[in-house]
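Engineer: My questions will all concern the structure given below.
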Amino acid sequence: MEEKNWEENHKIEKCPGTDPEPQIVVSLPGKNGETKTFSVNRKKAMTLAGACAAVLICLAGAAGFYGWQYHHSKVDKAAYQEYMAHKEEQEAKLQSLLDDNEKMLRDMSEIHTLETKLRRAVIQSSGDKEFTSNIDSIGAAEGVKSTDPAYSGKGGPGADISMLDVAAAQNRNLTAQIDREKKNMHELLTVIEGRNNRLSILPDLWPTDGGVISSPYGARTGPINGGYDWHPGLDIAVDFGTPVYAAAMGTVETAGWNGGYGQYVRIRHGSGYESAYGHMSGIAVSAGQEVRKGEIIGFVGSTGYSTGPHLHFEVFVDGENVDPWYMLKKTN
């Protein structure tokens, strides 16, 4: 119904004439009830309509393209800003890594210098030729002189080298140097500990704080019944309760009452050395316990066959008593 009314109002009809192309007559209502009539060639009308459609399509495409471009330009800008922030962060981390590498390399050089000085000081303070030879040989297997820095650094302009490659090379150099210093220090410590262990098993530490030798090792007059008596150790007279120290490192063999010795401790030091301590008022260790040189093992007393507070101190070599006097460092 609407199509019919539209046709009646606009009165579209073909124009008569000799023109081979049909005409389209369009009547449009104007102002004051007037009617305006237009005559358009059908071919031109179709061309105009196609051109309009093409313009509309181009406008729509352009709007879509510029809309897409605008949206993605914002995305690309944000991604670029994020990339630049990440790049700056990575560059800062790289520079920090390079700075740390340089500092660590300087520290390792100082450690190497200290290790060299320590080795020299130990050599100078030792009369043990074997020990000195062992200390001096540390690092020699690698061809490193004791006065040379343990560096293997190389370099150049390196125009085409990235700083990441530089950091990686420094890390490799630093790792090798650390490993070398660890090995040298471990070997040095092993040699020193070996020497100290050999020395520390000698029962040569004075076993009390002060005191005087009230009865020497060997033949004497018996302190209780008189007559001839063989004394297998030293009697060190000192105040009651004075600490008694292990004369060397070792393992406690006996800790307890032992007849005329009273409260008694015997320690096995190794390499055939042993020491014994008698007449103590109290014992601070137990059998099987490991003790260090200078560790308190008991206290001076007068238990067993004793005429007053003192420490009876014996030294054994391969099971035989020897005079402790020749072992002791401190005499009074």
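Engineer: Closer than 30 Å to Val244 by Cα, at pLDDT 75 or above and of a type in the set (Val, Ile, Thr): is that true of Ile178 in this structure?
Structural biologist: no
Engineer: Another question, then. Can you give me the ranges of the strands (runs of 3 or more DSSP E) entirely in region 187-247 with at least 1 residues that are buried (at least 17 other Cβ atoms within 10 Å of the Cβ), under 42 Å from the mean Cα position of the chain (by Cα) and not polar (S, T, N, Q)?
Structural biologist: Passing ranges, in order: 243-245.
Engineer: Can you tell me which residues in region 310-326 are within 17 Å of Trp206 (Cα to Cα) and either outside any strand (DSSP E or B) or hydrophobic (A, V, I, L, M, F, W, C) (or both)?
Structural biologist: Listed by number, the residues that qualify are Leu311, Phe313, Val315, Phe316, Val322, Asp323, Pro324, Trp325, Tyr326.
Engineer: I'd like the full set of residues that are under 12 Å from Pro243 (Cα atoms) and surrounded by 20 or more Cβ atoms within 10 Å (Cβ to Cβ), limited to region 267-282.
Structural biologist: Within region 267-282, Tyr277, Met280 meet the criteria.
Engineer: Does Ser275 satisfy the criteria of being under 51 Å from the mean Cα position of the chain (by Cα) and polar (S, T, N, Q)?
Structural biologist: Judged against the criteria, Ser275 is a match.
Engineer: Kindly indicate whether any position in region 291-307 is touching a strand residue (DSSP E or B) at 6+ places or on another chain (Cβ under 6 Å), small (Gly, Ala, Ser), free of Cβ contacts under 8 Å to residues at least 60 places away in the same chain and crowded, with 18+ Cβ neighbours inside 10 Å.
Structural biologist: Yes, some residue in region 291-307 is touching a strand residue (DSSP E or B) at 6+ places or on another chain (Cβ under 6 Å), small (Gly, Ala, Ser), free of Cβ contacts under 8 Å to residues at least 60 places away in the same chain and crowded, with 18+ Cβ neighbours inside 10 Å.
Engineer: Could you tell me whether Lys103 is modelled with pLDDT of 70 or more, of a type outside the set (Phe, Trp, Tyr) and surrounded by fewer than 11 Cβ atoms within 10 Å (Cβ to Cβ)?
Structural biologist: For Lys103, the condition - modelled with pLDDT of 70 or more, of a type outside the set (Phe, Trp, Tyr) and surrounded by fewer than 11 Cβ atoms within 10 Å (Cβ to Cβ) - is met.
Engineer: Then there's this: Determine whether Gly226 is touching a helix residue (DSSP H, G or I) at 6+ places or on another chain (Cβ under 6 Å) and over 14 Å from Asp323 (Cα atoms).
Structural biologist: no
Engineer: State whether the residues of region 253-270 include one that is within 52 Å of the chain's Cα centre (by Cα), assigned by TED's automatic domain parsing to the domain that holds Gly294 and assigned to a loop (DSSP other than H, G, I, E, B).
Structural biologist: Looking through region 253-270, none of the residues is within 52 Å of the chain's Cα centre (by Cα), assigned by TED's automatic domain parsing to the domain that holds Gly294 and assigned to a loop (DSSP other than H, G, I, E, B).
Engineer: Only one of these conditions is not met by Tyr277: (1) touching a helix residue (DSSP H, G or I) at 6+ places or on another chain (Cβ under 8 Å); (2) among the hydroxyl-bearing types (Ser, Thr, Tyr); (3) outside any loop (DSSP other than H, G, I, E, B). Which number is it?
Structural biologist: In the conditions (1) touching a helix residue (DSSP H, G or I) at 6+ places or on another chain (Cβ under 8 Å); (2) among the hydroxyl-bearing types (Ser, Thr, Tyr); (3) outside any loop (DSSP other than H, G, I, E, B), Tyr277 misses (1) alone.
Engineer: Taking region 271-306, which residues are among the aliphatic types (A, V, I, L, M) and either touching a Lys or Arg at 6+ places or on another chain (Cβ under 7 Å) or outside the structural domain of Asp235 (by TED's automatic domain parsing) (or both)?
Structural biologist: Across region 271-306, the qualifying residue is only Ala276.
Engineer: Please go through region 248-262 and pick out each residue that is in contact with a Phe, Trp or Tyr (Cβ under 6 Å, 6 or more places away or on another chain) and either crowded, with 16+ Cβ neighbours inside 10 Å or at pLDDT 95 or above (or both).
Structural biologist: Listed by number, the list holds a single entry, Asn258.
The values are calculated or read from the model by the stated rules, or taken from the named source; none is laboratory data. Because the structure is predicted, anything quoted here is derived from the model rather than measured. Here the Cβ is made from the backbone with ideal geometry for all residues, glycine too, and neighbour counts use every protein chain on show.
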